[in-house]
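**Student:** Dropping the structure in here first, questions after.
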Amino acid sequence: MEYANPKLILGSEIIEPTKIAWRSPSNIALIKYWGKYGRQLPKNPSISFTLDAAFTETEIEYQSKAPGTAQGIDIDFFFEGQKNDAFQQKIEKFFHSILDVFPFLGQLKMTIRSSNSFPHSAGIASSASAMSALAMCLCSIEHQLFNPFESDEAFLRKGSYVARLGSGSACRSIFGGLAVWGETGEVKGASNYYAVPVANQVHEIFHDFHDDILLISKEEKEVSSRAGHGLMDENPYAKLRYEQAGRRLHHLMQAMKMGDLERFGSIVENEALTLHALMMTSNPSYILMKPNTLHAIEKLRRFRKETGHPVYFTLDAGPNLHLLYPHASVDAVQTFIKSELASLCEKEHWIADQVGQGAREI
Ligand code: PMV
């Protein structure tokens, strides 16, 4: 399944300056994507909650290039109001890599302005929100210039496809609630090329689930996700891991359909620790948790045992802890965070987030 389309090229018409903007959220994986092949395709299926409070807003202003200007990527990139050359270079590279999908990108002059709802150095992975917002802007430009989409579904699917090429996990952020990316018999229509929404297939208790993010450390990531995925190529447990991820997705979907929180929590916690175990057993090896990550996990498990509140943790490829729980437990859990866990966070910083609606035009 490929979207390469050499026909998406402009004729001699003049494109007046036009703006388009999208807001897209971050997401937190319950079954993790870790290991890839080919053009950003996943070695195993993954599933994530789409978040709400942690998002990126991106605006693109595009117009025809001045007559006689050579074809090629021509962008100016501003992050949080400031010209940002490092990000600009990344986006130029990304745009070059998708010229087969959007050949018209070489014919436009674009000014891109982007900002996050969370501080850039907060230790929250911003690539999912940033790449999904950017991908949706590009699809909107295609829509305005060529009007090729037959349905909203086709439009969102292409957005997810393009977001994946920017950052794999970004393809899941397009859709509200819960999204699956990667081939699996578990979900009809699931694909390695784009994510599909699955919120309507699970128990309603998950529709307004919470994810409070404990910022244990705001340091730069010790290992990039690109390098992390690459380490899986030589990881001795890789084959078993990919099989396990498929099985876990099946069991997790069963638990989520039934609203079985205990089963949900045990799979999700195991999965987070598996991701970290994979990093510890790669060569070179990485320990991405900090002492306070472990302290927080111990305290959380004690709180759960003592109070019976169904609150469980997951982790990204870093030290920050995500606390997942149903809406009914919000007061108890947030009181507990303030009294017991905030002191384990850098500058006592944590973010209250919850399941959200996915990308939307602004
Ligand atoms: O999308 P990437 O290449 O940044 O990889 C993200 C991988 C994890 O966040 C660790 C897991 C996931 O599925 O989101």
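**Student:** Quick check on residue 231: is it in a helix (DSSP H, G or I), in contact with a helix residue (DSSP H, G or I) (Cβ under 9 Å, 6 or more places away or on another chain) and over 26 Å from residue 213 (Cα atoms)? Break it down into steps so the answer makes sense when it comes.
**Tutor:** Details: in a helix (DSSP H, G or I): yes; in contact with a helix residue (DSSP H, G or I) (Cβ under 9 Å, 6 or more places away or on another chain): yes; over 26 Å from residue 213 (Cα atoms): yes.
Yes, satisfied.
**Student:** Give me the residue from region 222-245 that is hydroxyl-bearing (Ser, Thr, Tyr) and within 11 Å of the ligand (Cβ to nearest atom) and, out of that set, least open to solvent (accessible area, probe 1.4 Å). Reasoning before the result, please.
**Tutor:** Applying the first criterion (hydroxyl-bearing (Ser, Thr, Tyr)) to region 222-245 yields 224-225, 237, 242.
Imposing the further condition that a residue be within 11 Å of the ligand (Cβ to nearest atom) reduces the set to 224-225.
Numbers: 224: 61, 225: 41 Å².
Among those that are hydroxyl-bearing (Ser, Thr, Tyr) and within 11 Å of the ligand (Cβ to nearest atom), it is 225.
**Student:** Now for a separate question. Could you look through region 6-40, keep only residues that are more than 10 Å from the ligand (Cβ to nearest atom), surrounded by 15 or more Cβ atoms within 10 Å (Cβ to Cβ) and not hydroxyl-bearing (Ser, Thr, Tyr), and pick out the one that is nearest to residue 272 (Cα to Cα)?
**Tutor:** The initial filter retains those residues of region 6-40 that are more than 10 Å from the ligand (Cβ to nearest atom), namely 6-25, 37-39.
Narrowing the set further to residues that are surrounded by 15 or more Cβ atoms within 10 Å (Cβ to Cβ) leaves 8, 10, 15, 20-25.
Still in the running and not hydroxyl-bearing (Ser, Thr, Tyr): 8, 10, 15, 20-23, 25.
Working: 8: 42, 10: 47, 15: 48, 20: 37, 21: 34, 22: 30, 23: 28, 25: 21 Å.
Looking at residues that are more than 10 Å from the ligand (Cβ to nearest atom), surrounded by 15 or more Cβ atoms within 10 Å (Cβ to Cβ) and not hydroxyl-bearing (Ser, Thr, Tyr), I get 25.
**Student:** On to the next question. Quick check on my filter: what residues within region 299-347 are more than 25 Å from residue 260 (Cα to Cα) and acidic (Asp, Glu)?
**Tutor:** Looking only at region 299-347, we keep the residues that are more than 25 Å from residue 260 (Cα to Cα), and these are 317-320, 338-347.
Result: 340, 346.
**Student:** Filter region 184-205 down to residues that are part of a strand (DSSP E or B) and away from the ligand (no atom under 13 Å from the Cβ) and give me whichever is most open to solvent (accessible area, probe 1.4 Å). Walk me through how you get there before you give the answer.
**Tutor:** To start, the set of residues in region 184-205 that are part of a strand (DSSP E or B) comprises 195-197.
Right, trim to away from the ligand (no atom under 13 Å from the Cβ) and you get 196-197.
Working: 196: 14, 197: 69 Å².
By that ranking, first place goes to 197.
**Student:** Still on this structure, please answer the following. Given the condition outside any helix (DSSP H, G or I) and either surrounded by fewer than 17 Cβ atoms within 10 Å (Cβ to Cβ) or at pLDDT 95 or above (or both), answer yes or no: does some residue in region 268-276 qualify?
**Tutor:** The initial filter retains those residues of region 268-276 that are outside any helix (DSSP H, G or I), namely none.
No, region 268-276 has no match at all.
**Student:** Which members of region 167-176 meet the condition of being crowded, with 24+ Cβ neighbours inside 10 Å and within 11 Å of the ligand (Cβ to nearest atom)?
**Tutor:** Hits for region 167-176 are 168, 169, 170, 171, 172, 173.
**Student:** Given the criteria in contact with a Ser or Thr (Cβ under 7 Å, 6 or more places away or on another chain) and either surrounded by fewer than 15 Cβ atoms within 10 Å (Cβ to Cβ) or within 23 Å of residue 160 (Cβ to Cβ) (or both), does residue 112 qualify?
**Tutor:** Values: in contact with a Ser or Thr (Cβ under 7 Å, 6 or more places away or on another chain): yes; either surrounded by fewer than 15 Cβ atoms within 10 Å (Cβ to Cβ) or within 23 Å of residue 160 (Cβ to Cβ) (or both): yes.
The answer is yes for residue 112.
**Student:** If the requirement is being more than 16 Å from the ligand (Cβ to nearest atom) and modelled with pLDDT under 95, which of these qualifies: 327, 309, 349, 295?
**Tutor:** On the way: 327 fails: modelled with pLDDT under 95; 309 fails: modelled with pLDDT under 95; 295 fails: modelled with pLDDT under 95.
On inspection, the qualifying residue turns out to be 349.
**Student:** Here's a follow-up. When you scan region 206-221, do you find a residue that is open to solvent by 30 Å² or more (accessible area, probe 1.4 Å), within 16 Å of the ligand (Cβ to nearest atom) and assigned to a helix (DSSP H, G or I), even just one? First the steps, then the outcome.
**Tutor:** From region 206-221, those open to solvent by 30 Å² or more (accessible area, probe 1.4 Å) are 207-208, 218-221; that's our starting set.
Next, from what is left, pick out any that are within 16 Å of the ligand (Cβ to nearest atom): 220-221.
Filter once more, keeping what is assigned to a helix (DSSP H, G or I): none.
Scanning region 206-221 turns up no residue that is open to solvent by 30 Å² or more (accessible area, probe 1.4 Å), within 16 Å of the ligand (Cβ to nearest atom) and assigned to a helix (DSSP H, G or I).
**Student:** Separate question: If I ask for residues that are under 15 Å from residue 135 (Cβ atoms), open to solvent by less than 50 Å² (accessible area, probe 1.4 Å) and without any contact (Cβ under 8 Å) to a residue 60 or more places away in the chain, which ones from region 76-109 would you list?
**Tutor:** 91, 95, 105
**Student:** Let me ask something else about it. Can you find a residue that is within 25 Å of residue 354 (Cα to Cα), within 15 Å of the ligand (Cβ to nearest atom) and open to solvent by 40 Å² or more (accessible area, probe 1.4 Å) anywhere in region 139-155?
**Tutor:** Checking region 139-155: not a single residue is within 25 Å of residue 354 (Cα to Cα), within 15 Å of the ligand (Cβ to nearest atom) and open to solvent by 40 Å² or more (accessible area, probe 1.4 Å).
**Student:** Same structure again: Output the residue which, of all residues in region 301-324 that are touching an Asp or Glu at 6+ places or on another chain (Cβ under 8 Å) and among the hydroxyl-bearing types (Ser, Thr, Tyr), is surrounded by the fewest Cβ atoms within 10 Å (Cβ to Cβ).
**Tutor:** Looking at the filtered set, the residue picked out is 312.
**Student:** Out of region 285-324, which residues are of a type in the set (A, V, I, L, M), part of a loop (DSSP other than H, G, I, E, B) and closer than 13 Å to residue 29 by Cα? Let's see the steps before the verdict.
**Tutor:** Narrowing region 285-324 to residues of a type in the set (A, V, I, L, M): 287-289, 294, 296-297, 300, 311, 315, 317, 321, 323-324.
Checking which are part of a loop (DSSP other than H, G, I, E, B) leaves us with 287-289, 311, 317.
Hit for region 285-324 is 317, nothing else.
The values are calculated or read from the model by the stated rules, or taken from the named source; none is laboratory data. Keep in mind that this is a model prediction, so the values were computed, not measured. Counting neighbours? That spans all protein chains shown, and the Cβs are built from the backbone with ideal geometry, glycine included. Keep in mind that these areas ignore ligands, DNA and RNA; they rest on the heavy atoms of the full protein, side chains included. Shrake-Rupley method; radii C 1.70, N 1.55, O 1.52, S 1.80 Å.
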